[in-house]
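Data block below; observations after.
Values quoted throughout were computed directly from the atomic coordinates according to the rules given, and no laboratory measurement underlies them. Predicted, not measured: the structure shown is a model, and the values here were computed from it. Ideal geometry is used to build each Cβ from the backbone, glycine not excepted, and the neighbour counts take in all protein chains shown.
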């Protein structure tokens, strides 16, 4: 087709937000709950349809700037001391608030342990079809 959108099956379309760095209080140790830490978040969002690729309209897409704003707002008041629960909460937020078909969230603490560049958790979730 002339507009660049062919007549083929769409298997999966994703948008990604990588290397989002935020400061939050997270951890199971007492000192971690009082000291903000920088964490890195990567989010791969499976889109619910291919409409944005066909229409070129923001209304048909997931607004990644809105996703970033929402994740930043969540991390500012993070209630979860455990990295695993924090990661799950972000995955749920993306699925529920942005209508994603699926999501992969990777969260890493940077320099949390001497001699280790990063430690973290990855969670992949899909919406029930």
* Any chance you could check the Cα centroid distance between the stretch 110-129 and the stretch 16-60 for me, in angstrom? => 12 Å
* Structure fact -> Expressed as a whole-number percentage, the relative contact order of the chain with C-alpha contacts under 8 angstrom and at least six residues apart is 25 percent
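Restricting everything to alpha-carbon atoms, can you work out Rg to Rh for the stretch 14-126 with a Kirkwood hydrodynamic radius? Mind showing how you got there, number by number?
Values: Rg = 15.0 Å, Rh = 14.7 Å.
When Rh is taken as the Kirkwood radius, the ratio is 1.02.
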* **Extended-chain gain in nm, criterion 0.36 nm per residue less alpha-carbon gap, residue 92 and residue 34** => 18.3 nm
* Spacing of the two label points (7 Å from each Cα toward its C-beta) at residue 118 and residue 69, in nm -> 2.6 nm
* Please give the helix 64-76 orientation as an angle from the longest Cα principal axis of the chain, in degrees from 0 to 90, rounded to the nearest 10. => 20 degrees
* Structure fact -> Rounded to the nearest 10, the angle in degrees between the Cα long axis of helix 83-98 and the longest principal axis of the Cα atoms of the chain comes to 30 degrees
